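First up is the structure itself, then whatever we jot down about it.
None of the figures in this text is laboratory data; all of them are computed from the coordinates on show. Source: prediction; values computed, not measured. In this analysis, Cβ positions are derived from the backbone assuming ideal geometry, glycine residues included, and neighbour counts consider all displayed protein chains.
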Amino acid sequence: MDFTLAPEDEQFRDELRGWLDEHLEPFLASEEMADDGAMSPEKAQQRRASWQRVLNEGRWAAVHWPEEYNGRAATAMQRILYSEVMTEYRTPGLANPNGLWQIGPMIIAWGTDEQKARWLPCILDASEHWCQGFSEPDAGNDLANLRTTAIRDGDGYVVNGQKIWISTAHLARWGLFLLRTDPTAIERGAKHEGITAFIVDMHTPGIEVRPIRDMTGEEMFNEVYFNDAHLPLDSRLGGEGEGWLVAMGTLGYERVGIAGQISSLAADLRAMVMAARSVNPAALEDPSIQVRLARAWTDIELARLLTMRALSKIIKGEKNWPEVPFAKLKWSELAQTLADLAVDLLGPAGLLARGGPDSVDRGKWTRLYAFQRYSTIGGGSTEVQKNIIADRAIRLPGQARSS
Ligand SMILES: Cc1cc2nc3c(=O)[nH]c(=O)nc-3n(C[C@H](O)[C@H](O)[C@H](O)COP(=O)(O)OP(=O)(O)OC[C@H]3O[C@@H](n4cnc5c(N)ncnc54)[C@H](O)[C@@H]3O)c2cc1C
């Protein structure tokens, strides 16, 4: 592939850098937004929402959305450049990446004019939080096995069942949910049929959200129970039975997003070396750690090149796989390797958890050690990615092969 940026990509990157040079510093300097290191999760979320509003005012919150919806119709290459520049400037995160990266594009693709007018603005300016309700106790990797029902009843649908692992549902006013409108489809052996997408008002009577405490001690995930919850007709996104198509579009965005995250791994590696330099410099003299650092750096570069190859195929209009499942596998393994390396680099200080007076970088690395276990599960688990590669890319014989 040709690594030279096209003039329009260079212009996109320069414009973003210029805008950040002008707006990031004043935002970070404002007293209200100052991060004193002891910010509560609620305050941190408010800060991200404020930053997202500033981005939106500059038309930089949802660069991949069409211009008519305050986006910039950014190409796949520009989305990667966007992630790289945001990492380079160490900007605050977005309040609702799920809404911006996945749910918004689906509303743009499938929504009526009324639905777009109602919901896109609050995703963009972070005034209302969104969650994505797909997984169920028996429907994770095998998502089409979902069984929470939405049965047509007069002027709407009545919903019953349970979702699980729904990130930030406890904060959300709205959620994009997949529900089964045809319960006979599973028995008919056609489980991908009879699934419909809905935009759910999380304040609807009959919906109960129960947080789950995870191994980091945080309550980010939730179970969501539906007990005769009534959804109006105009909450349906797309036609009845079209939910699988809506979902595949959403997951497609998620996978490109994961490819974009590789750019933040190099920044993490640099940051953890800096931290070790200040709290445990002896680690940097340890030959075994030096080998791990060199290997991690090389692997990050390889993962970046893999992503670029996927990108070049997208640009040429070719199928972007097997590079995309490979990049997901590589990123998820690397994220865990780096999390392990970080606590080893910090030595005894790597045990100091968040909230403690001596914790390093506010306990970020200690938290990451537990949190990164998610990377080989979320967005398609490792085993299932390997099945896909074995089946469709290498075309190995055996049970996994489906075509
Ligand atoms: C951080 C995080 C955030 C999440 N946020 C959301 C969210 O906001 N909304 C949402 O809907 N969901 C969310 N999820 C759920 C996520 O989509 C599921 O965890 C994922 O789809 C896997 O499903 P599962 O956990 O049910 O595991 P399962 O599918 O039950 O898998 C369990 C194990 O079996 C293996 N396995 C399964 N099938 C096969 C197979 N055919 N061959 C070989 N091995 C197999 C898997 O690899 C895994 O090791 C989140 C998950 C994480 C980790």
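A few comments on the model shown:
- Cut-off under 5 Å, modelled amide H: who pairs with Gly133 long-range: Leu176, Phe177, Leu178
- Per the Cα gyration tensor, region 32-162 maps to an equivalent ellipsoid with semi-axes of 30, 20, 16 Å, ordered largest to smallest.
- Here r is the Cβ-Cβ distance between Arg270 and Asp201 and R0 is 45 Å; the resulting FRET efficiency, rounded to 0.05, is 0.55.
- Hull-based mean projected area of region 57-109, where the convex hull spans the alpha carbons, in square nanometres: 3.7
- Taking 1.567 mPa s as the viscosity and 4 °C as the temperature, the Stokes-Einstein diffusion coefficient of the chain based on its alpha-carbon Kirkwood radius rounds to 57 µm²/s.
- Positive contributions from Lys and Arg (+1) and negative ones from Asp and Glu (-1), summed over other residues with Cβ under 13 Å from the Cβ of Ala266, come out at -2.
- Percent of alpha-carbon pairs separated by more than 19 Å within region 261-393: 54
- Simple spin-label estimate for Val384 and Asp153 in nanometres, 7 Å along Cα-Cβ: 3.0
- Net charge dipole size for region 125-258 [Lys, Arg +1 and Asp, Glu -1 on Cβ; Debye, nearest 20]: 220
- Across region 1-111, C-alpha contacts under 8 Å between residues 6 or more apart give a mean separation that, scaled by the residue count, equals a relative contact order of 27 percent.
- Centre separation in Å (Cα based) which lies between region 336-403 and region 45-72: 29
- Charging the Cβ of each Asp and Glu at -1 and of each Lys and Arg at +1, and nothing else, the dipole of region 220-363 about its Cα centre rounds to 580 debye.
- For the chain, adding -39500 (n - 2.57) for each run of n ≥ 4 DSSP H residues and dividing by the number of residues yields -14500 deg cm²/dmol at 222 nm.
- Its residue count N fixes a reference of 2.2 N^0.38 Å for region 7-95, and the Cα radius of gyration divided by that reference is 1.12.
- Segment Asp138-Trp19, length gained on full extension (0.36 nm per residue, minus Cα span): 38.2 nm
- For region 130-242, projected area of the alpha-carbon convex hull averaged over all directions, nm²: 6.8
- Förster-model FRET efficiency, 41 Å R0, Lys116 and Ala370, C-beta, rounded to 0.05: 0.55
- When the GluC sites (Glu not before Pro) in region 304-403 are filtered for DSSP coil states and for at most 12 other beta-carbon atoms within 10 Å of their beta-carbon, the remaining sites are Glu318.
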